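Participant: The structure's right below; bear with me while I get my questions together.
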Amino acid sequence: MKLCTTSETISFIRQVEEACASFYESLKSEVPEFSNFPKEDKGFVTLLQRTYQSVITDAIEGCYAFNLETDEYQIDLSKPQTMAKSELIKKALEIEKKVRQLYQVSASQSKDLMADVPRVLNLIAKKRETRISSLEKLL
């Protein structure tokens with residue numbers, strides 16, 4: 001499905017983040033390093049929605065800032081067959097890289113039309129990069 005408006009894109013990002021938070025919540029007993037991820041993911045959504053609501057207008061919304069294909073950002077959140085910690089971390093890395101890419105592409109597509117929303121999207125992408133680095137160190 002193609003997303004064109006800011007509202008559609010933020011709604012999709014919210015769905016992705018909520019699914020990721022549930023995934024990490026279900027695995028935090030196996031991988032204690034995942035414990036903070038659900039709260040952070042929910043915080044990312046809150047930050048993005050607040051920024052969007054504080055700057056968006058109908059005029060901007062109607063300009064269709066995005067050309068985002070949701071199929072490119074579908075994430076397999078099924079648990080790996082083996083519950084080995086290393087496999088769970090590898091799965092988390094796959095997820096984080098895909099979500100980071102979603103934020104980066106969203107920021108890039110909206111940068112010419114808005115300032116605050118792409119800035120927050122880039123900020124969250126950088127936080128995802130930090131998370132990726134910390135997960136890579138666990139392997």
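The values are calculated or read from the model by the stated rules, or taken from the named source; none is laboratory data. Values in this document were obtained by computation on a predicted structure and should not be read as measured data. Every residue, glycine as well, gets a Cβ built from its backbone with ideal geometry; the counts of neighbours run over all protein chains shown.
Participant: Picking from 130, 51, 82, 46, which residue would you name as being modelled with pLDDT under 90, among the β-branched types (Val, Ile, Thr) and assigned to a helix (DSSP H, G or I)?
Facilitator: 51
Participant: List pairs: first in region 116-132 and under 16 Å from residue 45 (Cβ atoms), second among the charged types (D, E, K, R) and assigned to a helix (DSSP H, G or I), Cβ under 7 Å, 6+ apart or cross-chain?
Facilitator: From region 116-132, the pairs are 125/100; 128/96; 128/100; 131/96.
Participant: Further, regarding this structure: Which of the residues spanning region 12-35 are surrounded by fewer than 13 Cβ atoms within 10 Å (Cβ to Cβ) and under 17 Å from residue 124 (Cα atoms)?
Facilitator: Hit for region 12-35 is 15, nothing else.
Participant: Checking residue 24 against (1) part of a loop (DSSP other than H, G, I, E, B); (2) in contact with a Phe, Trp or Tyr (Cβ under 7 Å, 6 or more places away or on another chain); (3) not β-branched (Val, Ile, Thr), which single condition isn't satisfied?
Facilitator: Status for residue 24: all satisfied but (1).
Participant: Kindly indicate which of 56, 132, 124 is in contact with a Ser or Thr (Cβ under 7 Å, 6 or more places away or on another chain) and β-branched (Val, Ile, Thr).
Facilitator: 56
Participant: Still on this structure, please answer the following. Kindly provide the set of residues from region 87-131 that are β-branched (Val, Ile, Thr) and surrounded by fewer than 17 Cβ atoms within 10 Å (Cβ to Cβ), ordered by number.
Facilitator: 130
Participant: Another one. Could you tell me how many of the residues in region 57-79 are at pLDDT 80 or above, more than 16 Å from residue 107 (Cβ to Cβ), outside any loop (DSSP other than H, G, I, E, B) and of a type outside the set (Asp, Glu)?
Facilitator: 1
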